[in-house]
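Let me begin by presenting the structure, written as structure tokens, before commenting on it.
The values are calculated or read from the model by the stated rules, or taken from the named source; none is laboratory data. Here the structure is a predicted model, which is why all the values come from computation and not from measurement. Methodologically, a virtual Cβ is constructed for each residue, glycine included, from the backbone with ideal geometry; neighbour enumeration extends over all protein chains shown.
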Amino acid sequence: MTMTTPPGWYPDPGVPGVERWWDGTAWTAHTRAPGGQAFGPAQPVTPPQPVTVAGPPVRRRGPLVAIGAAAVVLVAAIAGGVVVLGKGDDGAPKTPGGSTGTTAASATNSPPPKASSPPSADPNTLVDQLDGITLPIPDGWEKTDDMVGGLVTMQTKDTYNCPGASGFCPHGRVTTATAASTGLKTAEAVAKNDIGDAANAAYDRDPVGSRHYNGITSHREVKSGQVVVNGRTGYLVRWEVKTGAGPGGYVQSLAFPSTVGSEAMVIARFAFDAGSAGPPLSLMDTITRGIAPIGGGQNGGVGSSLAPPSG
């Protein structure tokens, strides 16, 4: 039986006390502190030994911060162009490739450099750096920090008192994340598998257990089908949900393959309130059509001849 290592955060074999993102085939440039917050791009290193493991949960991302001494060591290593692991038999420092000297050796299976821009400070663009995509931020929306889940997030600027619990609720919200490694191979299967969790996260219980809408009382599917996302064939499932308090809303799970790394599936979740205060449903399709690779342009992959389904 062939054993493979699924995408995920693993201890960096070249930098103690740091985790690096393994995309399923090679190390990427993304690192973080153990269990949480990302440092940002760093030097690629040799991949881990393959193991058989259960699928990890949806990949979370934390805000880009420097964390204590580990961040200082990492930044210094990047600036110097070498990560010192120890000394060789001749007393010279070792590089990640195992050789000695003052320059790092090329890492096995390291990804080629990609022409992409750094995270944009543009208030009209939401950047998902890990999945290599950007999303247009509509008028009246803004980027937000997901302090609990660490997801890449944008939502409406206008909020209101949540009808079922204390706190403030937005009229619309969109998040992106790498899909969990569940063994599902197609965008259709991933979207259909995710929609229930997406609905519960938006209108039943939030990550800390609050029920801002007194839970979901019923749901019905209002739309599903293939759609072009970033030049590739994706799939969406949209539900209308009724809640115990408030007008309810519409939830959509959109799955599509990433154009970077091992092309793992990406999940974009949409949650729009129903009623006159909620965003128009056509905005879901507008945002979907605006998803693009970091750095601009479109990928002409499979599915580029498909037309997005009408709203």
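For this structure, a couple of remarks:
- The requirement of being of a type in the set (A, V, I, L, M, F, W, C), buried (at least 16 other Cβ atoms within 10 Å of the Cβ) and assigned by TED's automatic domain parsing to the domain that holds Ser262 is satisfied by Val152.
- Flag for Val266 being of a type in the set (Val, Ile, Thr), crowded, with 23+ Cβ neighbours inside 10 Å and part of a strand (DSSP E or B): yes
- Criterion violated by Val208 - all others in (1) more than 28 Å from Pro7 (Cβ to Cβ); (2) in contact (Cβ under 8 Å) with a residue 60 or more places away in the chain satisfied: (1)
- Filter result for the condition that a residue is surrounded by 23 or more Cβ atoms within 10 Å (Cβ to Cβ) and under 22 Å from Thr144 (Cα atoms), over Gly172, Gly167, Gly234: Gly172
- Taking the criterion of being under 15 Å from the mean Cα position of the chain (by Cα) and in contact (Cβ under 8 Å) with a residue 40 or more places away in the chain, the residues of the range 10-23 that qualify are Trp21, Asp23.
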